[in-house]
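The values are calculated or read from the model by the stated rules, or taken from the named source; none is laboratory data. Source: prediction; values computed, not measured. A quick note on method: Cβ atoms are made from the backbone with ideal geometry, for glycine too, and the neighbour counts reach across all protein chains shown. Heavy atoms of the whole protein, side chains included, go into the accessibility calculation; ligands, DNA and RNA do not. Shrake-Rupley method; radii C 1.70, N 1.55, O 1.52, S 1.80 Å.
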Amino acid sequence: MATPAWPPVPRPETVVARTLLLGWVFAQVAGATGTTDTVAAYNLTWKSTNFKTILEWQPKPINHVYTVQISTKSGDWKNKCFHITDTECDLTDEIVKDVNQTYLARVLSYPAGDVGSAGSAAEPLFVNSPEFTPYLDTNLGQPTIKSFEQVQTKLNVTVQDARTLVRINDTFLSLRDIFGKDLIYTLYYWRASSTGKKCSLSLELWYLWSSSLSSSWLYLYTSAERQEWGGAGRRPLH
């Protein structure tokens with residue numbers, strides 16, 4: 001009876017060489033097809049109140065990190081928030097330098113562990129934000145009633161102008177310093193027994209006369225807004 005012929009056993013060094021070759025081929029294929037799990041940011045949104053300004057976006061990174069850049073229309077890109085895993089970046093210190101400028105930001109995506117802007121082999125994915133002009137686009141927070149005094153049917157109300165992070169000569173400016181007469185307040189007032197509201201518009205101080213104010217319980221609420229001047233009424237800050 002003939003002895004069966006078994007297939008020859010490959011030598012150990014041959015097996016190692018083949019394994020390394022296949023690993024290299026798979027790595028090249030993965031790189032060519034872009035399976036690095038790096039994704040571009042989306043839903044870039046400016047969140048700004050009284051010039052405190054944060055850029056937010058999605059998604060939460062898994063195998064990548066983000067870097068944020070900001071620029072004016074005529075300026076160069078400036079790096080902010082390097083290689084972060086957060087999905088927000090505080091850009092207040094940049095936009096308060098000139099609140100009348102129009103800014104653009106972008107979010108760059110890098111594979112986790114990539115050196116990014118210093119020596120990366122490939123250009124990162126990036127997405128631009130909408131344009132943002134602080135003077136026109138920041139939201140105005142609810143103002144604070146500094147004082148009010150009622151004498152019979154007369155009510156005097158003074159509103160405190162909110163301070164901002166905008167500075168000139170190391171002095172922080174208020175909303176009134178920045179907007180001037182473009183800033184208006186609305187005062188809502190009503191009695192506890194009333195379901196209706198009345199309102200009065202003023203720059204900063206009201207003198208209200210009404211027999212309805214004789215109630216011992218009076219509710220006050222204020223809001224702030226800009227008058228719409230289409231940009232023509234912007235105040236240059238010096």
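The table that follows gives values for the structure above.
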| item | result |
| --- | --- |
| In order through segment 73-90: 3J(HN,Hα) via Karplus (6.51 cos²θ - 1.76 cosθ + 1.60), integer Hz, x for Gly, Pro | 4, 9, x, 9, 5, 10, 6, 9, 6, 6, 6, 9, 9, 6, 10, 7, 8, 7 |
| In nm, spacing of pseudo-spin labels at Q152 and D137 (7 Å Cα→C-beta vector) | 5.2 nm |
| Extension gain (nm, one decimal) between R176 and D37, 0.36 nm per residue minus Cα-Cα | 45.2 nm |
| Environment charge of K73, counting only residues whose C-beta is closer than 12 Å and scoring Lys/Arg +1, Asp/Glu -1 | -3 |
| Per residue value of the accessible surface for segment 42-136 (all protein chains in place, 1.4 Å probe), Å² | 51 Å² |
| Cut-off under 5 Å, modelled amide H: who pairs with H64 long-range | A112 |
| Heavy-atom accessible surface of segment 42-136: percent carbon and sulfur, 1.4 Å | 50 percent |
| Exposure ranking of E94, E123 by accessible area [1.4 Å probe, largest first] | E123, E94 |
